[in-house]
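In what follows, a structure is listed as structure tokens, so that the remarks can point back to it.
Read-outs: derived from the displayed coordinates by stated rules, not from any lab. Computed from a prediction, not measured in an experiment: that's the story for all the values here. No Cβ is skipped: glycine too gets one built from the backbone with ideal geometry, and neighbour counts run over all protein chains shown.
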Amino acid sequence: MVNLISPTKVNLSETTVMNSTVKVWNTLVNMKFKGFLFEVSLSKYQKYDRNINIFLALAASSSIGAWAIWKEYPMVWGGIIAASQVVTTVKPYFPYSKMVKEMNARCLKMDLLNIEFEERIWDMMQRAIISEATILERYYYFSKKYTEILSMPDDLFFEPSKKQIDEANHRVKIFIQANYGIEIQL
């Protein structure tokens, strides 16, 4: 007769809790990373948009001042006018203003959702005041909300640079150390 019972007993409820703990922790860290990545990217897009607007403002005011030196430096006048016209014409094709609006809204939503996720799942799990069924129910609710936030409009392309990713990882490392006392390697 073959013994069908495994020599090591596995308590499925402990395994499930352990797996949900790891899943929730990984999601917490990943979503904090994505929130920081949105913040870093937002800062980049704000700088680009601001620099373009500053250039256009300077070009407009320089062109007014250039009337006084029109006879002395006609090429300066022509160059300023031509450059500002080109930038004004192509500015709608630079998605910086739209990215600033999108990223700003997403940063706020992500921050609020991360706080709620941390409070309504992670903290309650750590104090053992939440059932496994509630953990899973809330986990899937938050997963849907995160997916909505992370989904960008079709006309915007978001691809962070390595520098932005490194900065977001650095911020996650600081956050985890400061809030949980855990030193993580990235």
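Extension gain, His170 to Lys91, is 25.2 nm, computed as 0.36 nm per intervening residue step minus the present C-alpha separation. With both labels modelled 7 Å from their Cα along Cα-to-Cβ, the Leu112 to Lys162 distance reads 3.7 nm. Converting phi to 3J(HN,Hα) with the Karplus coefficients 6.51, -1.76 and 1.60 and the offset θ = phi - 60°, the stretch 44-52 yields 4, 5, 5, 5, 4, 5, 4, 5, 5 Hz in sequence order, with x at every glycine or proline.
Ordered by the count of other Cβ atoms within 10 Å of each Cβ, fewest first, Val76, Val90 give Val90, Val76. The string of couplings for the stretch 106-121 from the Karplus curve (6.51, -1.76, 1.60, θ = phi - 60°) is 5, 4, 4, 4, 5, 4, 5, 5, 5, 4, 5, 4, 4, 6, 8, 10 Hz, one whole number per residue in order, with x for Gly and Pro. Between Asn104 and Ile129, the contour length at 0.36 nm per residue exceeds the Cα-Cα span by 5.6 nm. Each label was represented as a point 7 Å from its Cα along the Cα-to-Cβ direction; for Asn26 and Met75 these points are 6.2 nm apart.
Work out how much length Glu148 to Ala82 would gain on full extension: take 0.36 nm times their residue separation and subtract the Cα-Cα distance, in nm to one decimal. Intermediate results must be reported in sequence, preceding the final value.
Working: separation 66, 0.36 × 66 = 23.76 nm, distance 4.23 nm.
Gain on stretching Glu148 to Ala82: 19.5 nm.
In terms of surrounding Cβ atoms within a 10 Å radius of their Cβ, Met75, Met110 rank from fewest to most as Met75, Met110.
Provide the net charge surrounding Val24, with neighbours chosen by a C-beta distance below 12 Å and charges set as Lys +1, Arg +1, Asp -1, Glu -1.
Details: positive: Lys23, Arg120, Arg138; negative: Glu118, Asp123, Glu132.
Once all neighbours under 12 Å are counted, the net charge is 0.
Which of the GluC sites (Glu not before Pro) found in the stretch 116-186 are loop residues per DSSP with 14 or fewer other Cβ atoms within 10 Å of their Cβ?
Answer in residue order: Glu183.
Within the stretch 81-186, the trypsin sites (Lys or Arg not before Pro) that combine a DSSP coil assignment with at most 10 other C-beta atoms in a 10 angstrom radius are Arg127. Rounded to the nearest whole Hz, the Karplus-based 3J(HN,Hα) values (6.51 cos²θ - 1.76 cosθ + 1.60, θ = phi - 60°) of the stretch 171-177 follow the sequence 5, 5, 4, 5, 4, 5, 5, with x at glycine and proline.
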